[in-house]
Structures are given as structure tokens and as C-alpha cells.
């Protein structure tokens, strides 16, 4: 694709007082979700919404659409004053950032589902929206068909929220379901997820916890009003899961789930992390299986509320994109209420987590700088400990941990308080 040029004279900013008469859409990307969206919009009257141009990267690829709609130059969309909504559905996060930022600077509103791009640049994109009056919607970026972001904006728009916790990645959850419910090995379960399209040929983004972390960062902005850069947070996935870890969980009557946790510690502080977690049978997310997501939202007076839906696959994402397009027709925008009307709590890593750590080499265990040792097992083939470890320590060695022959999981047995769990 060609270099983007921003012509300020061609800004198409929509003023708040105006009603949007018609969505004229410029679409970036025409993969599975993009094609599905195109076909869905064929059933919508052109007087309300239609795709005017589709910008793609590969010039010689056949596409089931009129060739007159296709362009390889992003400026064809950006410089068109009639296009008032840009829909970004591409895989490359760097390109997505360029197109989304350029569109917002030109006053064009945007719908995006790119969680990687959003989690790394959301603070800047919020500022641009304020300056230009454009709107950026991205319910498709977190939890597929579950409208978590919209609910945090509209229903949980007060200062009573205490935690968001759940399964945010459908691919890893599908793998764990095959392991614990069907007795399959990790490798067989992963292959099945790839064959069904729930996991990529390179599954690292999902199974190492990055996908869940990026979604959690987005939810944190809407839940607590604080932006955290991904480099400052901790995630660890299921890629090193072994038969020993599975056996331990089963002996305890538990399942292992990849859980994203956001928790308010007191009035001024909160923490976040993504970890495999030993989940009890009475936990809301215990029976969230296959490619489904499950989110538990808890507040000071409304206790726990549970949201459930498909989190992997093109159709759940497509439905969220379509919902955002419809919302823009009614001039809906995120108000970022927690940023604008409350004093956001501060992110802290001064938290102690109780972990199950399975290891083989004592030297590997030493990197955790264990705060308190609770239980230890030394076997002929492997070893494990239950120990308390500082979250700040985990972040310091987060790039090293996935390379070692070990596995860690949050036991989930502790209370959240500043300084400990």
C-alpha cells in the first residue's frame, strides 16, 4: 500500500449536533470478517449504509467483489470527503495504526477490531478523538460477540466497579477444554484448534497470553479509566502446560483456565495480570468451554454479574463490527466516563500472588525470588511448589519465564489487598 498523506483541507468531521444521514464506508481489509461484513451490508438499504471502497494489500488475489470497489492506495479512502466511516479489519497492527490515526485526524469516524493496535496506542487515539470530534468504536476488539465495552461504558458507568475477571481468549480455552474434558494432549488439542480455525498456524499470540492481555488493557480503560502499556503488565500462557500440571489440577478437583484479572485493591490502586489459573467447580468460569468467552464483573453493591458468548471465529467478530457500524449511524461514541468524570485509580505491581510453580531445575526456580514458600513436592520426574511471589518480580523476568522448562499458575486462593493477595 502507498504512503498515507493527510490533507487537512479535506476533513469530514461530523459535528455532535448533526444526525448521520448515511454511512458511506471505506473498508480496510477484505479477509474473512471483511467479506462477511460486505455481504451482510448488501441487505442494508444503500440509503443507510454502503461500502464505497475497499483497500487491500495483495494486488493479484481474486476477490468475490466488483473490482471497481478495490483500491491499493489508502489515500483513495482517506481523501474521499464522502466517506464518513472507516472500518479497519486488517491483521497488521502497524498498518492498522497508520490508517486509524490518519482517519481520525481527518475527522472520519472509525470502527476497528484490532486489539494489538488499540492496546498499544489507545491513549493517543482517545486524545485525537477529543481534538477532532471523530469517534472510534471497537467492541469487536474484546470478547467477540459479548458487548463488554459497551456495558462498561453505559451500565457500569459509576465508581462502584471492583473487578473484571474472565476467559478472554477463545482459542486457548478451546485447547484447555479438549485437555480437561476429552483427555487429549496439549499438542493434539492445539492441532484440532488450528484445523477448526480457532488458532493460527503460529499460535503464540493466543497460547502465550498476549491476546488476553491486550483485551484486558482495553477493558481497563473503560472499567477504571487508566491506560497501561502492554510492556508494563504481566501475562503468561499455556504453551508449557504438561501432563504433570494437568494431573495436579485434576487431583485438586480443579481445571486450569487462562484467566485475565483486573482487580481494585483499595480506593486508589488496582492491578492486572493474565495467568493460567486453578479454577474451582463453583467458579462462574469453570464451565465456560470450547471457543467461548466468559466475563465476571463485580461491583461494591451489585455483587457478581456474568457475561457469556463466543470469542473466536469470524462471525462473532463480524457481528460486533456490524453493531458498531449501527451505533455510529445513531451518532454513538464512547464517552470514556471513567477518565472524564472520576479520579482513576493507579496501576500497581506491589502485589503478592500465590502460585503453583512446576519446575525441573532449581536454578530456574530461583528467578522468582520467592516471598513465602507454602508447600513443596520433589518427585523423580518433576518438582513443584506453592509459593507467594511478587507481581513486580514476575514482570522483571517475564521475557525469561516462557523460555524455561517450567509452568506457573495462579492458585486463586487469596484475597486482593494492596501489597498482597
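Rg of the Cα atoms in segment 272-342, relative to 2.2 N^0.38 Å, amounts to 1.45. Summary value for segment 8-137: 29 percent relative contact order, contacts being C-alpha pairs under 8 angstrom separated by 6+ residues.
Between helix 32-41 and the chain there is an angle of about 40 degrees, using the helix long axis and the longest principal axis of the Cα atoms.
The P(r) of segment 208-269 has a tail past 15 Å containing 60 percent of all C-alpha pairs. How would segment 316-373 be classified by its alpha-carbon gyration tensor: rounded, prolate or oblate, with rounded meaning a/c under 1.5 and the a/b versus b/c comparison settling the rest? In terms of gyration-tensor shape, oblate. Overall shape: oblate for segment 8-137, with the ratio a/c of the largest to smallest alpha carbon gyration tensor axis at 1.5 or above and b/c at least equal to a/b.
Could you list log10 I(q)/I(0) for segment 91-165 at q = 0.19, 0.26 Å⁻¹, which the Debye formula gives when each Cα is one point scatterer? So the normalised log intensities are -0.85, -1.23. Taking the three principal axes of the alpha carbon atoms in the chain, the coordinate ranges are 68, 48, 36 Å, sorted in descending order. Taking 394, 404, 213 in turn, the Gaussian network model of the chain (Cα-Cα springs below 10 Å) assigns the largest fluctuation to 404. For the chain, averaging the sequence separation of C-alpha pairs within contact (under 8 Å, six or more residues apart) and dividing by the residue count gives a relative contact order of 17 percent. Rounded to the nearest 10 degrees, the inclination of helix 314-329 to the longest alpha-carbon principal axis of the chain is 50 degrees. Neighbour counting of Cβ atoms within 10 Å sorts the residues 214, 286, 347, fewest neighbours leading, into 286, 347, 214. Normalised Debye scattering of segment 16-79 at q = 0.25, 0.27, 0.29 Å⁻¹ gives log10 I(q)/I(0) of -1.15, -1.26, -1.36, counting only Cα atoms as equal scatterers and leaving out solvent. The residues 112, 201, 177, 185, when put in order of fewest to most other Cβ atoms within 10 Å, stand as 201, 185, 177, 112. What is the angle, in °, between the Cα long axis of helix 115-132 and the longest principal axis of the Cα atoms in the chain? Nearest 10 is fine, range 0 to 90. The two axes meet at around 40 degrees. Working note: Cα gyration tensor of segment 286-414, eigenvalues times five, square-rooted, sorted largest first, giving semi-axes of 39, 21, 16 Å. Rounded to the nearest 5, what % of DSSP beta bridges with both residues in the chain are antiparallel? Taking every DSSP beta bridge within the chain, about 70 percent pair in antiparallel fashion. For segment 106-166, what does the relative contact order come out to in percent, with C-alpha contacts under 8 Å and a separation of six or more? Relative CO of segment 106-166 lands at 36 percent. With contributions of -39500 (n - 2.57) from each DSSP H run of at least four residues, the per-residue ellipticity at 222 nm computed over the chain stands at -9000 deg cm²/dmol. In this simple spin-label approximation, residue 336 and residue 22 carry label points 7 Å from Cα along the Cα→Cβ vector, and these lie 3.2 nm apart.
As a calculated quantity, the FRET efficiency between residue 280 and residue 188 at R0 = 35 Å, using C-beta atoms, amounts to about 0.85.
The order of 32, 411, going from fewest to most other C-beta atoms within 10 Å of their C-beta, is 32, 411.
Bear in mind that the values in this text are calculations on the coordinates, not laboratory data. From a predicted model like this one, the values you see are computed outputs, not experimental measurements. Methodologically, a virtual Cβ is constructed for each residue, glycine included, from the backbone with ideal geometry; neighbour enumeration extends over all protein chains shown.
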